[in-house]
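Since the structure comes first, as structure tokens, the remarks are kept for the end.
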Amino acid sequence: MVDLIGQYKHIKPEIDVAIQTVIDTGRFIGGPALDSFTQNLAQYLDVKYVVPCANGTDALQIAMMALNLQPGDEVITADFTYAATAEVIALLKLTPVLVEVDPDTFNIDPAALEKAITPQTKAIVPVHLFGQCADMESIMAIAKKHNLYVIEDAAQAIGAYYTFSDGTKKRAGTIGTAGTTSFFPSKNLGCYGDGGAMFTNDEALAKRLKIMANHGQSSQYVFDDIGCNSRLDNMQAAILDVKLKQLDKYCAARQEVAAYYDQQFAGLKNA
Ligand SMILES: Cc1ncc(COP(=O)(O)O)c(C=O)c1O
């Protein structure tokens, strides 16, 4: 669906230098490319903390682990999403509660979501599907009222803006308690393998996310928690740092294609 070779050809000189630099320096895990990409992504998203990890599925799992969700806790998400969203909830022995999506947007319906809340509900995972943000204003109001965490699954929407009713805009993944994304090659911002990241403005949570992505290790060889081994390697970070500069252009190209489909389907029954 995405012309990855065409994308590469367009930025080949910069990508080739980025990859060669990682090889020449021998810094394959952690290092300057990862630090640079993490900082640049935080700046792009206007979020305080970006915690990189191995893929978008891990990002969701680690966010739930870092928030100390416990077996039996209910986590509400959309009934129309990629399997990973519900999979990690079940994997952690939390209870997935799937609610209807709005047929106009394919994103979680806030009214259905509020009806599904019980005393066991601890978190909501809105998914910003196909690059379109869920109704975050309503979701955040519901979360506040019921004291729930919000983990935004922005695997398909990095670069998208959500506009609040007062006109303020925030990037997908930076509105809830935490946000997650995937750098799978075909995503808006894709690497040349697997990758993912988590976002938050909460310093304590950012610290927990880092610990849980690194074997539960709070300082060198101190393993206080059972965590994961989930890293974004330096090669992927170097590639992503180059591609980040193109992200707005990539999103605009997708919007152009979507507008073309809208135009061609206009007037059709069921369109
Ligand atoms: C909505 C959604 N959530 C989570 C994921 C999982 O991301 P990854 O494939 O990087 O594990 C994807 C990837 O396809 C996705 O589309």
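Just so it is clear, none of the values below were taken in a lab; they were calculated from the coordinates. What you see is a predicted model, and the numbers here were worked out from it, not measured in a lab. For neighbour counting, all protein chains shown are included, and Cβ atoms are generated from backbone atoms with ideal geometry for every residue, glycine included.
Worth pointing out:
- Rounded to the nearest 20, the Cβ-based charge dipole of the stretch 110-221 about its Cα centre (Lys and Arg +1, Asp and Glu -1) stands at 180 debye.
- Under the convention that each Lys and Arg Cβ holds +1 and each Asp and Glu Cβ holds -1, the size of the dipole of the stretch 4-265 around its Cα centre is about 520 debye.
- With the highest mean first, a sort of the peptides 211-224, 173-186, 101-114, 75-88 on other beta-carbon atoms found within 10 angstrom per residue produces 173-186, 75-88, 101-114, 211-224.
- Each principal axis of the stretch 41-161 carries a Cα extent, and these read 37, 32, 27 Å when sorted largest first.
- Within the shell of other residues whose beta carbon sits under 11 angstrom from the beta carbon of Gln236, the net charge comes to -1, with Lys and Arg scored +1 and Asp and Glu -1.
- Look at where the Cα atoms of the stretch 145-173 and of the stretch 51-127 average out, and the two centres are 15 Å apart.
- For the stretch 176-192, putting each phi into the Karplus relation 6.51 cos²θ - 1.76 cosθ + 1.60 with θ = phi - 60° gives couplings of x, 4, 8, x, 9, 8, 10, 10, 3, x, 7, 6, 3, 10, x, 9, 9 Hz, in residue order, rounded to whole numbers and with x for Gly and Pro.
- Residue ranges 116-122, 31-37 sort as 31-37, 116-122 when ordered by packing (mean number of other C-beta atoms within 10 Å per residue, highest first).
- Tail fraction, Cα-Cα pairs, the chain, threshold 35 Å, whole percent: 17
- Each peptide in 55-63, 254-262, 138-146 receives the mean, over its residues, of other Cβ atoms within 10 Å, and ordering these scores from highest gives 55-63, 138-146, 254-262.
- ³J(HN,Hα), Karplus 6.51/-1.76/1.60, whole Hz, each residue of the stretch 155-160, x for Gly, Pro: 4, 9, 9, 5, x, 6
- Radius 12 Å from Cβ of Pro71, net charge of other residues (Lys, Arg +1; Asp, Glu -1): 0
- In sequence order, calculated HN-Hα J values of the stretch 227-242 (Karplus, 6.51, -1.76, 1.60; Hz; x Gly/Pro): x, 10, 9, 9, 10, 8, 7, 5, 5, 5, 5, 5, 5, 5, 5, 6
- Ignoring lysines fewer than eight residues from Lys93 along the same chain, the ones with Cα atoms less than 17 angstrom from its Cα are Lys122.
- Summed residue charge, Cβ within 13 Å of Ser218's Cβ, Lys/Arg positive, Asp/Glu negative: +1
- Ellipticity estimate at 222 nm from DSSP helix runs (n ≥ 4, -39,500 (n - 2.57)) divided over the chain, nearest 500: -13000 deg cm²/dmol
- Trypsin sites (Lys or Arg not before Pro) lying in DSSP loop within the stretch 1-67, provided at most 14 other Cβ fall within 10 Å: Lys48
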